[in-house]
Structure formats: structure tokens, C-alpha cells
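Right, one structure below, let's go through it.
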Amino acid sequence: MIRKHALLCIFVSFIALSMNAQRTAVYTEANANFKKGLEFFDLGVYGLAQAEFRKVLDRLQPVNEPEYRTIKTKAELYYARSAVRLEQPDGQKLMLDFARRYRPDPAANGSSS
């Protein structure tokens, strides 16, 4: 009986650790994509930057942790800014949607620049 409980505890611990490791890997990859997107944006390569920010947005669904939310919010902003710089038809709409959605957030102030 004790042996069964010990094996069950080990199994549950293993599952919990592997789930946490997977969540961390997703965050790390999204963070790497975000940094790569910022580098492209700063170099003026807006198409590649927008593609990297899209990867971040696709990877971080749904967002429950504060760190994830921060990166997701910034990725949305830079995705929209890239669209404006590329003169895409929906660029203005993306910026206005971002400003409306995150108005009290300090990141929303960056949507006007």
C-alpha cells in the first residue's frame, strides 16, 4: 500500500515538473521571437519584424501569467507599428484597436508614436 502511494507521488511529481518545463519553453521561445522582432524593427526590416511578432502572438495563447501578458501586449503594439510602417491597409485599424484595448496601460501611449 505504501509502495503504491510512493509510486503515485513520484508519478504526479514527474507530470507536474514536465508541465512546468513545457510552459517555460514556450515562454522562452516567445521571448526569443520578441527580441528578434525588436532587432528587425530597429533595423527597419518591418516585414520580418512583423512575422516574428506574429509568432509571439500565436505562441502565447491564452495568457495567464503577468510576464506573458507584458510580452503579448508589446508584441501586439509592434505588430501594429510594423503594419503602419509597411503601409498595410489594416495598419491604422490595428493601432486604433490597440489604443482602445489597452488605453490605461502605459504601452498604449506608445501606439501614438
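The values are calculated or read from the model by the stated rules, or taken from the named source; none is laboratory data. Just so it is clear, the model here is predicted, and its values are computed rather than measured. A quick note on method: Cβ atoms are made from the backbone with ideal geometry, for glycine too, and the neighbour counts reach across all protein chains shown.
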Pairs with Cβ under 6 Å, 6+ apart, first in the range 40-57 and in contact (Cβ under 8 Å) with a residue 24 or more places away in the chain and closer than 14 Å to Ala80 by Cβ, second hydroxyl-bearing (Ser, Thr, Tyr) and surrounded by 15 or more Cβ atoms within 10 Å (Cβ to Cβ): Phe41/Tyr78; Tyr46/Ser82; Ala49/Ser82; Gln50/Tyr79; Gln50/Ser82; Phe53/Tyr78; Phe53/Tyr79
Conditions (1) at pLDDT 65 or above; (2) assigned to a helix (DSSP H, G or I); number of the one not met by Ile15: (1)
Flag if Ala30 is modelled with pLDDT of 90 or more, of a type in the set (Gly, Ala, Ser) and either outside any helix (DSSP H, G or I) or crowded, with 17+ Cβ neighbours inside 10 Å (or both): no
Which listed residue is modelled with pLDDT of 90 or more and loosely packed, with under 15 Cβ neighbours inside 10 Å, from Lys35, Lys4: Lys35
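Residue by residue, here is whether (1) farther than 21 Å from Leu43 by Cβ; (2) modelled with pLDDT of 85 or more holds:
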| residue | (1), (2) |
| --- | --- |
| Lys72 | yes, yes |
| Leu77 | no, yes |
| Ala83 | no, yes |
| Leu86 | no, yes |
| Arg100 | yes, yes |
| Ser113 | no, no |
